[in-house]
1. Could you run through the range 122-138 and say how many residues are assigned to a loop (DSSP other than H, G, I, E, B) and either touching a Ser or Thr at 6+ places or on another chain (Cβ under 6 Å) or in contact (Cβ under 8 Å) with a residue 40 or more places away in the chain (or both)?
2. Does the range 356-370 hold any residues that are buried (at least 17 other Cβ atoms within 10 Å of the Cβ), farther than 19 Å from Leu384 by Cβ and in contact (Cβ under 8 Å) with a residue 40 or more places away in the chain, and which are they?
3. Is it fair to say Ser160 is in a helix (DSSP H, G or I), touching a residue at least 60 places away in the same chain (Cβ under 8 Å) and outside the structural domain of Asp257 (by TED's automatic domain parsing)?
4. Select, from Ser253, Ser230, the only residue that is of a type in the set (Ser, Thr, Tyr), modelled with pLDDT under 95 and buried (at least 17 other Cβ atoms within 10 Å of the Cβ).
5. Does Leu141 count as farther than 22 Å from Glu371 by Cα, assigned by TED's automatic domain parsing to the domain that holds Ala166 and outside any helix (DSSP H, G or I)?
6. Take the residues of the range 171-209 that are in a loop (DSSP other than H, G, I, E, B) and modelled with pLDDT of 95 or more: which is surrounded by the fewest Cβ atoms within 10 Å (Cβ to Cβ)?
7. Could you check how many residues of the range 1-31 are polar (S, T, N, Q) and touching a His at 6+ places or on another chain (Cβ under 7 Å)?
8. Checking the structure you have, find out if any residue of the range 134-145 is of a type in the set (Lys, Arg), surrounded by fewer than 18 Cβ atoms within 10 Å (Cβ to Cβ) and within 30 Å of Thr218 (Cα to Cα).
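The values are calculated or read from the model by the stated rules, or taken from the named source; none is laboratory data. Everything numeric in this text was worked out from a predicted model, so none of it was measured. With ideal geometry, Cβ positions are generated from the backbone for all residues, glycine too; neighbour counts draw on all protein chains shown.
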Amino acid sequence: MSLSTIKLSHSSKKVQGTVQLTGSKSESNRALIIQALSKGLVTVENLSAAADTVIMQNALQQAAASSAQTTTTIDIGPAGTAMRFLTSYLNLVKGQFLLTGTARMQQRPIGILVDALHTLGAQIDYAKQDGYPPLSINGGLRLTKNCVSIQGNISSQYISSLLLVAASLNNGLILDIQGELTSRPYVTMTLNMLQEAGVNYTWNDNSIEIKAQTFKPTTIFVEPDWSAASYWYAIVALSEDGAIVLPGLKAHSLQGDIAIVDIMTHFGVASSFQEDGLHIAKVSQGTDKQLFDFKECPDLAQTIVALAAALKRDISITGVETLKIKETDRLAALKTEIEKFGATIVADNNTYHIKTEVVQPVEHITFDTYEDHRMAMAFAPLALVFKEVSINEPQVVEKSYPDYWVHLEQQGFQIRK
């Protein structure tokens, strides 16, 4: 969808039906790195259709076809996961690589991960600004050192990036996590997927050890995306009468965003895992819970902030400091957008209070997306509250959920240019 703006409305305010979500982007991108390192022993099924996953596939194909005599430029655009994972992976591929991305990607820090790889013996230089992409990587060197420390409260993707390549390093890896670990479920996801592919590990206190070892023949099946499911929870919560079935989602998931099941009980949405998938339905107004901690599921924060603001419900959120270094500064973007209808965010150290006492009813409202797929998907459901919602740059959803607008139309949303 190459439109600059779309307008959404929903006449009945009722949603009911089945939505087939794409595979998890988080699982897919980990599975692709594992597959590449396994040299054909691992196959992957139900890959995400998200642009980020397509970018990762193309980048890995480029790397495999690279020549040791020339520099291969790999441009991952806005794909943050690809940038982090490839920063480690390309060190194991013989060749010279320039790993780059969009202007915003070149503003997102990578220094902590690069420092860790330098400790292991990698040859990585900054092509422009120290601490940020683009990166010049001399791949194929023997990385014989195996002990490294890394901060745990910046981005779990740095840790996952190192863990994914650990078994393929000459002497394995002992990773010491310094301080509090943010987004622990994503690290657990990485380790569980490695284990599924035959890689064993130990995790004692803040130290994770993976010895040098080979992968085993296996097929990794990618579960549907729980992050995408969160938007359907918001839609059901904002509807007058809502019931949606999401096939393939299970009660036991590797994805940390399954936390949405518990969170949404406080907004009146019940979940039932049945043979045909996850059933969600609006059953009440929810509870009076006010404080929500997103430390282990930061990608859900935008959904909940937009939802609470639209419901005129004051809440407080914590565990969201990593949102400042995402596709945009998501906290600043959220504040700007909810202020368009009278809500706001007040910072109190690392706790953020959503205030809605002066929220005003508006018929028409336009939301900006800041080149951030989650901004578009978090605010689109507000068409169930306001008469008409406009979303600028709607194509950003292709990054993780390319069928989002099609699925909304199937559930009664009217969408026009």
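1. In the first step, residues of the range 122-138 are kept if they are assigned to a loop (DSSP other than H, G, I, E, B); the result is 122, 127-134.
Next cut, either touching a Ser or Thr at 6+ places or on another chain (Cβ under 6 Å) or in contact (Cβ under 8 Å) with a residue 40 or more places away in the chain (or both) only: 127, 133-134.
Of the residues in the range 122-138, 3 are assigned to a loop (DSSP other than H, G, I, E, B) and either touching a Ser or Thr at 6+ places or on another chain (Cβ under 6 Å) or in contact (Cβ under 8 Å) with a residue 40 or more places away in the chain (or both).
2. Tyr370, the sole residue that qualifies.
3. yes
4. Ser253 is the lone residue from the list that is of a type in the set (Ser, Thr, Tyr), modelled with pLDDT under 95 and buried (at least 17 other Cβ atoms within 10 Å of the Cβ).
5. When the stated conditions are applied, Leu141 passes them.
6. Ranking the qualifying residues of the range 171-209, first place goes to Asn200.
7. Total satisfying the criteria: 0.
8. yes
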